[in-house]
Amino acid sequence: MIRQSSIFIVGPCAAESEEQILAVARSLRAGEVLRAGVWKPRTNPHSFQGAGIEALTWLAEAKRQTRCATATEVATAEHVQAAIAAGVDYLWIGARTSANPIAVQEIADAVSSLMVNAQCSMVNGKWSMVNAPQACLIKNPVNEDTALWLGNIARLEAAGVPVMAIHRGCGHRPCWQMAYDLRQQRPDIPLLLDPSHLSGQAEAIPELCRKAMSELGLDGLMVEVHPTPEKALSDSRQQITPTDWRQIAESLPAPSGEHDPLPWLRAIIDEVDDELWNTLLRRQDVSRRIGIIKHESGLEIVQPERWQQVLDRRQQWAEAHGLNTEDTLAIMEAIHRLSVGVQTTDETAKRLNG
Ligand code: PEP
Ligand code: MN
């Protein structure tokens, strides 16, 4: 599907004050949508939970002064009604809510009743819906579940609202496989990347924006932008300044509308490699603990019988999965060398200290 222009939704993680919202709104380029969380789904009940309903008036004021469209996160039917009554244009459903189909259905039902009574009006020279959202955006669920994400899209579509999807990763790592599956199954749904939540690190944002727009052909970005990220009341490590954002935005290409599977598959390979190596780190950690027990019990580091068991088990596994046995065993031997290495190092360190 060829799209004329990218969708950029930028603004602070949370609305903290009217001055903060106006400062970001004034920095936006034409067409950019101002985002700000009003009700924050926080892990810790003692963290900042969002400024609540009062913050909707700050978004309305920003829209009045700068004519930017606005977006906020909704997690309940009441949030939907309050946000739309305050003139918010786009609603997004966060990753935690997206993991709960009952909550998504409640939101979809609230949107549906607004759509029934919505009117079309000329706003800033364009036909727009008033008293209803322009679109609902749905983030991927926190758990890696493409079917649930697709189901949420279907719930919102049934409410009669245009839908867009946002890939925000799982925790602070990407789930390119899930985003790729969504793109394959619903190429008609605009797909945005949220590099802030995906990485949790401001330094990672420029490269992720480039990758999303230049390699993967995504339709837009949702980026956390704060006038003073180091003072942010939530997600301060992953927000960038308006100046940083402008620099990134100006370097991005126009959307090509092409879907090239190769960069996607390479992104998935990188992700799988990271998983493999992280698993290896976990293995090294277990191995280190075994090394301490061996040392304390006066056992040799290499126990030939146990090593033979490990090799036999892997050989059977390779045969069952159609992997070349010789290569598989060579990899197992290399892994074993790493393991012996960590046990030797630990033992040596202990001797030196003791
Ligand atoms: C957010 O966008 O501020 C947010 C809470 O994101 P997520 O739902 O992706 O964690
Ligand atoms: Mn955030």
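The values are calculated or read from the model by the stated rules, or taken from the named source; none is laboratory data. None of these values were measured; they are calculated from a predicted model. All Cβ positions, glycine included, derive from the backbone under ideal geometry; neighbour counts span all protein chains shown.
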task: Could you tell me which residue of the stretch 30-41 is surrounded by the most Cβ atoms within 10 Å (Cβ to Cβ), considering only residues that are within 15 Å of ligand 2 (Cβ to nearest atom) and in a loop (DSSP other than H, G, I, E, B)?
output: 36
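Quick one: is residue 270 modelled with pLDDT of 95 or more, within 30 Å of residue 169 (Cβ to Cβ) and part of a helix (DSSP H, G or I)?
Criteria met by residue 270.
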query: under 22 Å from residue 10 (Cα atoms), within 16 Å of ligand 1 (Cβ to nearest atom) and either in contact with a His (Cβ under 9 Å, 6 or more places away or on another chain) or not small (Gly, Ala, Ser) (or both) - does that describe any residue in the stretch 247-257?
result: no
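Residue-wise test of (1) surrounded by 14 or more Cβ atoms within 10 Å (Cβ to Cβ); (2) of a type outside the set (Ser, Thr, Tyr); (3) within 15 Å of ligand 2 (Cβ to nearest atom).
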| residue | (1), (2), (3) |
| --- | --- |
| 196 | yes, no, yes |
| 233 | yes, yes, yes |
| 249 | yes, yes, no |
| 266 | no, yes, no |
| 277 | no, yes, no |
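Looking at the stretch 94-110, which of its residues are within 16 Å of ligand 2 (Cβ to nearest atom) and either under 15 Å from residue 132 (Cα atoms) or not in a loop (DSSP other than H, G, I, E, B) (or both)? Even if it seems obvious, please write down each step before you answer.
Taking the stretch 94-110 and keeping what is within 16 Å of ligand 2 (Cβ to nearest atom), we get 94-98.
Within the stretch 94-110, 95, 96, 97, 98 qualify.
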query: Do the conditions hold for residue 27, that is, is it in contact (Cβ under 8 Å) with a residue 40 or more places away in the chain and either surrounded by fewer than 21 Cβ atoms within 10 Å (Cβ to Cβ) or more than 20 Å from residue 148 (Cβ to Cβ) (or both)?
result: yes
query: When you go through (1) within 14 Å of the chain's Cα centre (by Cα); (2) part of a helix (DSSP H, G or I) one by one for residue 154, which number turns out not to apply?
result: (1)
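If I ask for residues that are in a strand (DSSP E or B) and free of Cβ contacts under 8 Å to residues at least 60 places away in the same chain, which ones from the stretch 167-190 would you list? Full working, then the answer.
First, pick out the residues of the stretch 167-190 that are in a strand (DSSP E or B): 167, 170, 173.
Matches in the stretch 167-190: 167, 170.
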query: For residue 53, which of the numbered conditions (1) among the aliphatic types (A, V, I, L, M); (2) farther than 21 Å from residue 153 by Cβ; (3) touching a strand residue (DSSP E or B) at 6+ places or on another chain (Cβ under 7 Å) fails to hold?
result: (3)
field: Number of the condition not met by residue 76 [criteria: (1) among the hydroxyl-bearing types (Ser, Thr, Tyr); (2) surrounded by 17 or more Cβ atoms within 10 Å (Cβ to Cβ); (3) over 14 Å from residue 33 (Cβ atoms)]
entry: (2)
task: Identify, from the list 190, 229, 174, the residue that is in contact with a helix residue (DSSP H, G or I) (Cβ under 9 Å, 6 or more places away or on another chain) and away from ligand 2 (no atom under 16 Å from the Cβ).
output: 174
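Each row is one residue, and each column tells you yes or no for (1) outside any helix (DSSP H, G or I); (2) buried (at least 20 other Cβ atoms within 10 Å of the Cβ); (3) more than 16 Å from ligand 1 (Cβ to nearest atom).
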residue	(1), (2), (3)
121	yes, no, yes
137	yes, yes, no
150	no, no, yes
192	yes, yes, no
206	no, no, yes
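Being part of a strand (DSSP E or B), hydroxyl-bearing (Ser, Thr, Tyr) and either under 27 Å from the mean Cα position of the chain (by Cα) or modelled with pLDDT of 95 or more (or both), is that true of even one residue in the stretch 75-93? Write out each step before concluding.
Within the stretch 75-93, the subset part of a strand (DSSP E or B) is 90-93.
Then keep just the ones that are hydroxyl-bearing (Ser, Thr, Tyr); that gives 90.
Narrowing further to those that are either under 27 Å from the mean Cα position of the chain (by Cα) or modelled with pLDDT of 95 or more (or both): 90.
So far as the stretch 75-93 goes, yes, one or more of its residues are part of a strand (DSSP E or B), hydroxyl-bearing (Ser, Thr, Tyr) and either under 27 Å from the mean Cα position of the chain (by Cα) or modelled with pLDDT of 95 or more (or both).
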message: Return the residues of the stretch 276-304 that are closer than 12 Å to residue 338 by Cβ and among the basic types (Lys, Arg); say none if nothing qualifies.
response: 283, 288
